Amino acid sequence: MMAHYIDGHAPKGKKMKFLLADDHGLFREVLVQYIERAEPEAAIIVARDAHEVMEMVESEVGISLILLD
């Protein structure tokens, strides 16, 4: 479950980390741009398929939200 903050942003010093997975490049690009505008301090990790998602989940620490297609 994604953390919900009253002002829509993570507290200072608590950078959100998103893992975004989609096999459609254009959709990935648009969603990354949207997240960057909504949460400029967020770290965005991108995967193209389930295999890459599993690699990222195993290697990345502190993922706040995983968006899968």
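Probe radius 1.4 Å, ligands and nucleic acids left out: which of 28, 37, 48 has the largest accessible area, and how do the rest follow?
Highest to lowest solvent-accessible surface, that is 37, 48, 28.
Report the FRET efficiency, 1/(1 + (r/R0)^6), for residue 34 and residue 60, where r is their Cβ-Cβ distance and R0 is 25 Å, rounded to 0.05.
According to the calculation, E is roughly 0.75.
The values are calculated or read from the model by the stated rules, or taken from the named source; none is laboratory data. As the structure is a computational prediction, the values presented were derived from the model and not from experiment. Here the Cβ is made from the backbone with ideal geometry for all residues, glycine too, and neighbour counts use every protein chain on show. Ligands, DNA and RNA are excluded from the accessible area calculation, which covers all protein heavy atoms including side chains. Shrake-Rupley method; radii C 1.70, N 1.55, O 1.52, S 1.80 Å.
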